[in-house]
Amino acid sequence: MMCASDPYEGWTYEGGALRWPFACFWAAQLAGQDAHRPPVPYDTSMVPIIDALGADPPRWFQEWLAHPEDDGYWTARRPDLQAIEVPAFSVLGWFDDFSSGTAQLVGSLGAEAWFGPWSHMPWGTVHGGIEFGVDGSPSGLPAALLAFFDRAFGRSQAASKPPVRYFVINEGWREAEQWPPLAHTRRWSALSESGSALSRWGDGRLLEIIGEEDRVLGAPVPVVVEPHAPVPGGPIDYQDESAIHDRRDLACFDTEALGEDLVIAGSPTVRVVTRSDRPRHDLIATLCVVAPDLSARVVTSYAQRMSHGKQVGTERHWEITLRPIAVRVRAGSSIRLTLGGSRFPCYDLNAHTETQSAHSRREEQVVATIEILAAGIALPVVDTLPASGSAAD
C-alpha cells in the first residue's frame, strides 16, 4: 500500500490547506468511473473552486470542500488502526503526495516498508530532471514483497532483514529497525538583520544554535501575499526552484556552505512566530538543498492554514512538521528554508477572510501581510556513512 490512513490530513487536506490538484483529479476520476467513462474535465484555475468540475460537481467533491476543518465528517471515515492485527508492508515515495500519511501508517502499524525516490505512480527514477539510476529503481520490491508474504503466511522461517529500507538521495540505500531511524536533532535559527530576507538575494540566514530560542534578529520580515499573483508551484518533485526564489513574496533563509556532508533522515520541523493583518492565512515551508551552482532543489515541504480569529495583529506560534525525506547534503552545498503565503496550484488560494469557503469568489480575495517574527528549523540527522555514488549526485 502507498497511501495515508487519514482521509483528511495528508490526503485531502494538508495542515488545513486543500490539496487542490489531487482533490480535482481524484473527484474527476471517481465521477468518470461512476458514469463508466473517462475522468470528467476539471479546471484547477477555476474560482470559486466549487465550479472546478462543472456546474454539477459530484456529491463527494462538494462534501470534501464543505468540510475544510477536521470535523465529524472526517472522523466517521477515519479507520481504527488499533484494530489492525495482521502484519503490514508499505511503500513510500519521497515525492508522493501521501508520504506523510504513509510514514505515520508505517509507524502506527510497525509495518515493514521501503522508502524510495518515487512519486505515487509510476515509480519512475527521474525527478526534477535528475536520473536516480538503477540503484534508485523499485526493481527489488517484488522479491521483498513475496518474501514478506512467505513470512506472514508461515511459508518461510527465514529471519527478516531490518524492517525498513530507505533510499538516501546522493548516497543510496540504508536499513533501519524503525521509521524514523534513530537520529539526533540539529537546529538552526532564522536571522535577518534588517527584515529584508525576501527572495534568495535578501539577508536571510540560518545559524546553527544550541538551545530552544528561535528569533529573527532585527525587524520582522514582512511577506505580502497577493491571491491574484500567488507563488507558483506544484507538488514536490526534487525540482530546482531557484528562479521562484527570486520573488519578493518569499522569505528565504540559507545556511553557510557546509564544511562536511550532512545526512537528514526523518521529518524536519519548522517553528514560526507570525503576526498578520488578516484573520486567516497560509504558511508554506519548503526545505531546499542549494548547490554551488545556485540551483535549489526542493526536498520536502508542508503547508499550514493558520487562523488568527479575533487575535488579528497578535503573535501566534506554530510548528509545522515537513514530509519525510532522506538526503545527503554534500559539503559545499547549503540548506535553504523558504516561508511563503501561497503555492498554487499545489494548494487552493486563501482568501484571507474569516468567511472563506468553496463558494468564495475572486473579488472576495484580499491581500494579506504576514510578519515573520521568529523562525527556526530542526533537522533529524543520522550518522554519515561513506557515500556509494548515487546517480543523483
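The table below lists the values:
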{"read-out": "Sole exception among (1) over 25 Å from the mean Cα position of the chain (by Cα); (2) in a strand (DSSP E or B) for V91, by number", "value": "(1)"}
{"read-out": "Candidates A66, A55, A76, A83, filtered to the one that is of a type in the set (A, V, I, L, M), surrounded by fewer than 17 Cβ atoms within 10 Å (Cβ to Cβ), under 30 Å from H228 (Cα atoms) and free of Cβ contacts under 8 Å to residues at least 60 places away in the same chain", "value": "A55"}
{"read-out": "Criterion violated by I370 - all others in (1) farther than 22 Å from L198 by Cβ; (2) part of a strand (DSSP E or B); (3) more than 18 Å from the chain's Cα centre (by Cα); (4) not basic (K, R) satisfied", "value": "(1)"}
{"read-out": "Wholly enclosed strands (runs of 3 or more DSSP E) of the stretch 153-268 bearing at least 1 residues touching a residue at least 60 places away in the same chain (Cβ under 8 Å) and within 30 Å of E112 (Cα to Cα)", "value": "164-168, 172-176, 184-191, 262-266"}
{"read-out": "Any hit, the stretch 138-152, residues being assigned to a loop (DSSP other than H, G, I, E, B) and either in contact with a Gly (Cβ under 9 Å, 6 or more places away or on another chain) or on the phi > 0 side of the Ramachandran plot (or both)", "value": "yes"}
{"read-out": "Residue selected from the stretch 3-46 under the condition closer than 24 Å to S108 by Cβ and assigned to a helix (DSSP H, G or I), by the criterion farthest from the chain's Cα centre (by Cα)", "value": "W26"}
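Conditions (1) within 17 Å of G10 (Cβ to Cβ); (2) assigned to a strand (DSSP E or B); (3) in contact with a Pro (Cβ under 8 Å, 6 or more places away or on another chain), marked per residue:
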{"site": "A285", "(1), (2), (3)": "yes, yes, no"}
{"site": "S301", "(1), (2), (3)": "yes, yes, no"}
{"site": "Q311", "(1), (2), (3)": "no, no, no"}
{"site": "R323", "(1), (2), (3)": "yes, no, no"}
{"site": "A326", "(1), (2), (3)": "no, yes, no"}
{"site": "I335", "(1), (2), (3)": "no, yes, no"}
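Read the figures in this text as sums done on the coordinates, not as results from a lab. Remember, it's a predicted structure, so these values are computed and weren't measured experimentally. We place every Cβ from the backbone using ideal geometry, glycine too, and count neighbours over all the protein chains shown.
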